[in-house]
Amino acid sequence: MSQDNLEIKGCMTEYAGSPFFGYSRGVGDGRDENPRTPLLIQPDAKSGIMPSMSDDTQLANIINRARRGIAFTGAGISTESGLADFRSPGGVWSRNQPVMYDDFLRSRDARVRYWEMRQELYREMSDAQPNVGHEVIAKLERLNKLAAVITQNIDGLHQDAGSQNVIEIHGTARIVSCVHCGKEWTPVEIMARIDAGDAAPDCDACGHPLKSKTISFGQAMPEDLMAEAFSLASQADICLAIGSSLVVEPAASIPRIAKEHGATLVIINREPTPLDHLADLIIRDSIGQALQTAFEQLKNVTR
Ligand SMILES: [Zn+2]
């Protein structure tokens with residue numbers, strides 16, 4: 001961690017009528033005593049953070065300096081596309097006990113229950129479109145600000161928005177595959193089989209169960225993808241942690257690793273997270289609105 005980073009101190013404040021976490025230099029340098037005199041305040045050389053800026057402008061400044069950033073996204077970005085967070089109250093998993101991976105492999109009854117829940121999830125996902133938050137993230141990749149988006153989401157909306165390097169650490173709901181031989185199908189094909197009465201479809205090549213290509217409860221995380229995600233995080237100059245509660249491990253380690261390796265950490269989430277104390281900037285607004293406003297300001301910030 002650089003000395004510059006050590007000098008940034010977080011403090012909660014009210015600014016321009018909206019609550020946000022503002023930042024000031026270390027105590028004693030006297031440059032942050034009057035937030036209405038921005039000319040007296042120099043942005044931090046590394047992060048671009050300036051205490052008197054609005055949070056959107058701070059975000060624009062941080063993004064502007066990025067050359068190999070990462071976005072780490074969770075369910076919050078997709079709720080703005082109308083997709084329920086299936087972990088949240090009212091979500092699929094709050095109304096149904098999730099099927100553990102071992103039970104899925106062992107029990108046909110468990111697989112029937114799994115596919116009943118999947119049908120509900122696919123219905124919700126089939127109409128969802130990427131929102132402005134997904135679109136700004138894709139644009140930032142094209143501008144070479146972001147090297148990758150690492151996501152906990154299984155909905156494929158980052159790819160729909162045009163993101164190229166998407167690491168789906170919890171897998172994807174857009175593919176169904178055989179747990180044994182790996183043969184793949186589209187969900188539409190499998191839903192048709194279920195509708196035709198095959199309540200727990202098996203592989204037509206080897207006879208083993210088919211499963212959505214997502215990581216279930218009790219199933220190991222994909223080691224190769226996690227290694228790639230950790231590598232990107234350790235090399236990142238900024239990490240935008242967006243719409244994730246940052247409580248599910250090991251995924252939540254990704255922003256922490258980025259920060260530990262010197263990245264500027266921005267958390268955009270409605271609720272507090274366990275990593276807030278590490279963040280250089282915290283934004284509680286709508287994800288799409290915050291990213292879009294910052295993106296529009298990119299052309300105005302000092303290069
Ligand atoms: Zn098979």
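The values are calculated or read from the model by the stated rules, or taken from the named source; none is laboratory data. The structure presented is a predicted model; accordingly, all values stated were derived computationally and were not measured. In this analysis, Cβ positions are derived from the backbone assuming ideal geometry, glycine residues included, and neighbour counts consider all displayed protein chains.
Annotations
- The one condition in (1) of a type in the set (Asp, Glu); (2) within 26 Å of Val149 (Cα to Cα); (3) away from the ligand (no atom under 14 Å from the Cβ); (4) loosely packed, with under 15 Cβ neighbours inside 10 Å that Glu168 fails to fulfil: (4)
- Qualifying residues in segment 215-229 (those that are among the aliphatic types (A, V, I, L, M) and crowded, with 18+ Cβ neighbours inside 10 Å) - the one nearest to the ligand (Cβ to nearest atom): Ile215
- For Asp155, the test of being away from the ligand (no atom under 16 Å from the Cβ), charged (D, E, K, R) and buried (at least 20 other Cβ atoms within 10 Å of the Cβ) is passed.
- In segment 251-261, the residue that is farthest from the chain's Cα centre (by Cα) out of those that are under 14 Å from Leu232 (Cβ atoms) and part of a loop (DSSP other than H, G, I, E, B) is His261.
- His180 out of contact with any Lys or Arg (no Cβ under 7 Å at 6 or more places or on another chain) and either without any contact (Cβ under 8 Å) to a residue 60 or more places away in the chain or within 16 Å of the ligand (Cβ to nearest atom) (or both): yes
- Contacts under 7 angstrom Cβ, first residue in segment 188-207 being within 15 Å of the ligand (Cβ to nearest atom), partner among the aliphatic types (A, V, I, L, M), 6 or more apart: Ile190/Val176; Ile190/Leu210; Ala200/Val112; Pro201/Ile190; Pro201/Ile194; Pro201/Leu210; Asp202/Leu210; Cys203/Leu210
- Residue that is in contact with an Asp or Glu (Cβ under 9 Å, 6 or more places away or on another chain) and in a strand (DSSP E or B), where the choices are Ala148, Ala199, Ala128: Ala148
- When segment 129-149 is filtered for residues that are surrounded by 17 or more Cβ atoms within 10 Å (Cβ to Cβ) and among the hydrophobic types (A, V, I, L, M, F, W, C), the ones remaining, listed by number, are Val132, Val136, Ile137, Ala138, Leu140, Leu146, Ala147, Ala148, Val149.
- Residue under evaluation Val247, criteria (1) buried (at least 18 other Cβ atoms within 10 Å of the Cβ); (2) among the aliphatic types (A, V, I, L, M); (3) in a loop (DSSP other than H, G, I, E, B); (4) within 16 Å of the chain's Cα centre (by Cα), criterion not met: (1)
- Any hit, segment 128-146, residues being more than 16 Å from the ligand (Cβ to nearest atom), at positive phi and touching a Ser or Thr at 6+ places or on another chain (Cβ under 7 Å): no
- Within segment 268-299, the set of residues being within 17 Å of Glu141 (Cβ to Cβ) and over 14 Å from the mean Cα position of the chain (by Cα) comprises Gln292, Ala294, Phe295, Leu298.
- Only a single item in (1) within 25 Å of Ser253 (Cβ to Cβ); (2) of a type in the set (Gly, Ala, Ser); (3) within 16 Å of the ligand (Cβ to nearest atom); (4) touching an Asp or Glu at 6+ places or on another chain (Cβ under 7 Å) is not met by Ser212, and it is number (4).
- Check on Ser94, assigned to a loop (DSSP other than H, G, I, E, B), at pLDDT below 95 and either among the hydroxyl-bearing types (Ser, Thr, Tyr) or over 25 Å from Glu271 (Cα atoms) (or both): no
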